[in-house]
Amino acid sequence: MNRNFTSILALILVGLAFGFLTGCSSSSSMPPPPPTIAITATSGSGQKANVGDAFTNMLVVTVTSNGTAASGVTVTFTPAPGPAGQSCTPSATTATTASDGTASITCTANSTPGAYSVTAAATGATATASFTEGNTAPRVFVFYVNGLENSASEGPVYYGVAGAVGFDLSGNVLGGEQDYNDGQNGFPSPTYIITATGSSMTVNPTTGTGTLVLNVSASNPNVGVKGIETFAVQFINASHALITQFDGSATSSGSFDLQTATSGAGGNFAFTLSGIDIAGFPFAYGGVFSNTGGTIQGTYDENDAGKALVGNTLTATDNGVGADVYGRGSITGFTDPNQGNEPISLVYYIVGPEVLRIIDIDPDDTMAGSAYGQGSVTSFDSTVLSTDVFGILDNTEDQLFAAAGQLVAANTAAGTFSATFTGEGDDDEVGTVMATGTPGGLTGNYSFSNTVPGYGSMTGVTGLGSIHTLGLYATDPKLNLLDPNNTTAANLGAALVLELDDFAQGTGIVVPQGTIASDGSDLNHSYGFGAQAFADNGSFPVNPGWEFDFVGQGTFASLVFTTGTGGPPTPVDLSDPYASFVPGTPGEYTAVPIAGTAAAPDAAGRYAFRPATPFAVGPVGGAQGPTVDFTVVLYEAGPGLVFSIDEDAESQWLGTFQEENASSLKAMHVKRGPLFKSQAKPKR
Amino acid sequence: MRHSRFISSTPLIAGLLTGLLLAILVVPLNAEDSDSRYDVSKEVTLSGTVSSVLRKPAPGMIWGSHLIVETVSGRLDASLGRFGLEGKGALSVTPGQQIELTGIMKTVRGKEVFVVRSVKANGITYALRNEHGIEVSPQARERAAEKGVTL
């Protein structure tokens with residue numbers, strides 16, 4: 001019995017063992033497929049945070065296995081720093097997925113502004129997920145200049161720069177980016193990175209005069225001085241400054257404005273651009289366009305080396321700013337009608353919803369300019385102009401003229417699109433003074449399209465030298481064209497202009513004029529001022545350029561203008577790389593005194609510094625340096641804004657005096673500069 | 001289109017006659033400044049001998065470099081512009097040299113000046129301004145040369 005039982009049990013066990021083994025054999029020969037692990041960025045991409053701050057939303061990924069949420073999977077988060085070092089610090093480098101398949105971290109922006117990515121990799125997944133994030137600076141200023149570069153290989157050539165620089169709340173430069181273009185002469189874009197190291201801005205909070213240093217050496221060590229660009233700045237208020245390059249590598253004038261938006265360039269705009277075309281000749285554009293969802297449509301005029309083509313159809317694409325944290329966007333599809341519709345690549349930096357600084361970034365042509373919003377106005381008629389003042393300046397590589405004046409529109413009416421004007425103006429063309437403020441001596445007609453909002457022209461202009469035809473492009477009547485963040489001032493609007501005659505292609509603005517005190521007492525204020533000047537070819541052939549620029553601060557008191565309030569030294573920076581002041585000696589001069597007494601204004605708000613006294617600049621370069629007397633005329637738009645024009649045989653300029661807001665300056669969050677030293681010697 | 005424009009040379013005799021006629025007709029009494037427009041329809045071609053090369057203007061002259069040229073009708077102030085003697089491919093002439101000038105006569109600051117659009121010297125034509133009087137920069141010269149076009 002026992003033996004039989006034992007045998008049966010053994011057979012059963014053998015059978016079980018056989019069955020088990022064959023089963024195993026069957027299993028190992030047909031393994032199940034591995035699960036497909038996938039990872040996606042669920043939320044948290046596209047955020048922006050100030051440097052040092054955590055992003056508001058978590059960076060969340062979802063991991064699936066064969067399409068089903070996978071729990072317990074390890075996810076590794078890895079920031080990929082941008083070229084300036086911008087990145088974020090994750091709360092953890094790894095996270096494990098929960099039952100719903102999600103894993104998340106927080107991330108804290110590091111100290112460098114800029115866009116970058118954070119990748120997330122799941123164990124077992126072949127692909128990664130990516131987040132695009134951006135670190136922003138608490139305060140960003142957008143700047144642009146254009147002028148004359150001192151090219152070592154090509155001699156003096158037109159150039160333009162546009163960019164944005166970010167600051168912390170203590171006034172330290174955190175970084176930035178810029179586009180620089182001198183049109184086939186060695187320094188075209190791509191974008192240069194402004195690094196925090198080696199960059200700075202110091203400003204005297206009393207005068208508003210300061211120095212901005214931008215280090216772009218990592219991108220291009222050949223611009224500025226070994227990649228260090230120095231600009232003289234003259235703040236008008238805490239959000240606006242005049243600016244000129246101040247390092248001898250180039251000289252130029254422009255604007256430096258607080259940025260109030262970094263995206264959204266939509267709406268209706270008027271614009272002007274000026275520069276050098278693909279053939280090396282000066283050219284300029286003006287027009288109007290609408291930007292709806294990135295589709296740009298409009299009408300524009302071109303003057304290319306004296307050949308004007310008007311009424312061109314503008315069709316282009318605004319590619320937006322993407323992940324850029326400095327409000328840098330691009331426009332494609334803009335073309336040059338005078339060059340077979342050669343495409344022109346444009347980049348813009350957003351100052352605010354209604355102001356764009358624009359630069360042409362092609363390697364063989366270059367331009368700089370601005371676009372200004374038209375606000376909610378949908379139809380611009382003859383009432384755009386009333387009593388206005390204007391200033392027009394030629395491109396520095398063009399024929400060289402400056403003009404300013406007052407115009408008084410007549411026969412205007414709502415719904416009427418054409419009218420006439422009279423007025424008076426001053427005009428200096430290559431040293432030949434063609435008009436000197438003859439009351440009633442300026443006449444002309446103007447009109448706006450009744451179908452293309454704000455697109456117009458001035459025709460039959462007489463009394464302003466060779467200027468007979470201008471393109472006229474209306475802007476938002478509530479927008480300050482020179483100080484876009486300051487909309488409480490008077491003189492808002494009215495239009496941009498483009499010279500359309502065949503002798504030159506200057507650009508300018510027309511702004512409304514307010515009430516003018518007959519004795520000039522309404523100018524008794526502190527002003528920041530500056531000008532872009534053309535002179536008689538410097539110290540050619542040793543220094544063959546012809547431009548100088550200056551910015552500074554001064555005060556009017558009973559028609560007497562002086563720089564500085566406590567006597568010398570004075571806060572004026574004069575950029576003269578072509579030795580127009582000290583023969584044979586180029587220089588970047590600080591603390592240059594300027595003084596003069598103007599005659600009381602005429603009824604048009606025109607002040608003349610001669611014959612009362614000249615507008616005396618100097619001594620330049622020290623007490624023994626020359627003092628140069630200029631014949632300067634002012635046209636007052638109002639106490640807040642005054643145009644200046646120099647009309648000498650050896651020079652001409654167009655500039656502005658802009659009333660300073662002293663309390664605003666004192667509250668500026670910028671590094672305070674040292675008190676002004678004694679008259680500086682040339683830096684070169 | 002601008003680049004394909006050729007500046008045709010004028011026979012010497014025509015230039016001399018034109019210069020003589022110009023000397024008779026274009027010098028007005030109490031001359032007022034012309035505007036800055038370059039009226040190509042008034043263009044003439046003159047021949048003469050260079051007496052001076054002024055790399056910088058003398059007092060009272062318009063900006064840029066100048067040639068003082070002796071023509072059959074007298075001495076001529078020929079304006080070459082800012083770029084006339086500057087950069088690669090610039091005009092190179094010396095006193096005593098025979099040249100042919102194409103341009104227009106203008107009154108600037110009360111003085112007669114011949115605004116030169118092109119100079120023919122040593123068999124080479126140098127373009128200094130375009131048909132609108134816009135000065136040809138060294139960069140424009142260089143780009144035209146690279147593309148094989150004549151300004």
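Summary table
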| item | result |
| --- | --- |
| Subset of the range A:382-395 [assigned to a loop (DSSP other than H, G, I, E, B), within 14 Å of chain B (Cβ to nearest Cβ) and modelled with pLDDT of 95 or more] | A:D394 |
| Test: residue in the range A:467-474 that is outside the structural domain of A:L393 (by TED's automatic domain parsing) and outside any loop (DSSP other than H, G, I, E, B) | no |
| Which listed residue, of B:G110, B:G148, B:G81, B:G74, is in contact (Cβ under 8 Å) with a residue 24 or more places away in the chain, closer than 30 Å to A:N150 by Cβ and either facing chain A (nearest Cβ under 10 Å) or out of contact with any strand residue (DSSP E or B) (no Cβ under 9 Å at 6 or more places or on another chain) (or both) | B:G81 |
| Meets criteria (among the hydrophobic types (A, V, I, L, M, F, W, C) and more than 14 Å from chain B (Cβ to nearest Cβ)) for A:A402 | no |
| The range A:471-506 - residue that is buried (at least 24 other Cβ atoms within 10 Å of the Cβ) and among the hydroxyl-bearing types (S, T, Y) and, of those, nearest to A:Q553 (Cα to Cα) | A:T475 |
| Any hit, the range A:611-621, residues being over 30 Å from A:G440 (Cα atoms) and assigned to a strand (DSSP E or B) | yes |
| Members of the range B:51-65 that are within 7 Å of chain A (Cβ to nearest Cβ) and farther than 15 Å from B:V115 by Cα | B:R55, B:K56 |
| Of the criteria (1) without any contact (Cβ under 8 Å) to a residue 24 or more places away in the chain; (2) more than 25 Å from the chain's Cα centre (by Cα), which one A:P343 fails | (2) |
| Long-range neighbours under 9 Å by Cβ, at least six apart or interchain, first residue not assigned by TED's automatic domain parsing to the domain that holds A:G423 and crowded, with 20+ Cβ neighbours inside 10 Å within the range A:603-616, second of a type in the set (V, I, T) and assigned to a loop (DSSP other than H, G, I, E, B) | A:A604/A:I516; A:G605/A:I516; A:A608/A:T631; A:F609/A:T631; A:F615/A:T631 |
| Residue within the range B:112-124 that is β-branched (V, I, T), over 26 Å from A:G545 (Cβ atoms) and not in a strand (DSSP E or B) present | no |
| Residue, surrounded by the most Cβ atoms within 10 Å (Cβ to Cβ), within the range A:282-312, restricted to residues that are facing chain B (nearest Cβ under 10 Å) and not in a strand (DSSP E or B) | A:A305 |
| Complete set of residues in the range A:464-486 that are within 14 Å of another protein chain (Cβ to nearest Cβ) and in contact with a Phe, Trp or Tyr (Cβ under 9 Å, 6 or more places away or on another chain) | A:G465, A:S466, A:I467 |
| Residue ID - nearest to the chain's Cα centre (by Cα), chosen from residues in the range B:120-145 that are away from chain A (no Cβ under 12 Å) and under 25 Å from A:S151 (Cβ atoms) | B:L128 |
| Any hit, the range B:76-88, residues being surrounded by fewer than 17 Cβ atoms within 10 Å (Cβ to Cβ) and not charged (D, E, K, R) | no |
| Filter result (of a type in the set (S, T, N, Q) and free of Cβ contacts under 8 Å to residues at least 24 places away in the same chain) within the range B:41-63 | B:S41 |
| Subset of the range A:420-463 [in contact with a Phe, Trp or Tyr (Cβ under 6 Å, 6 or more places away or on another chain) and over 25 Å from A:D394 (Cβ atoms)] | A:S449, A:N450, A:P453 |
| From A:A414, A:A419, residue being part of a strand (DSSP E or B), more than 14 Å from chain B (Cβ to nearest Cβ) and at pLDDT 95 or above | A:A419 |
| Residue within the range A:658-667 that is without any contact (Cβ under 8 Å) to a residue 24 or more places away in the chain and within 22 Å of A:P571 (Cα to Cα) present | yes |
| Test: residue in the range A:261-275 that is touching a helix residue (DSSP H, G or I) at 6+ places or on another chain (Cβ under 7 Å), within 14 Å of chain B (Cβ to nearest Cβ) and under 26 Å from B:K147 (Cβ atoms) | no |
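The values are calculated or read from the model by the stated rules, or taken from the named source; none is laboratory data. For clarity, every value in this text was computed on a predicted model and none was experimentally measured. Cβ atoms come from the backbone with ideal geometry, glycine included; neighbour counts cover every protein chain shown.
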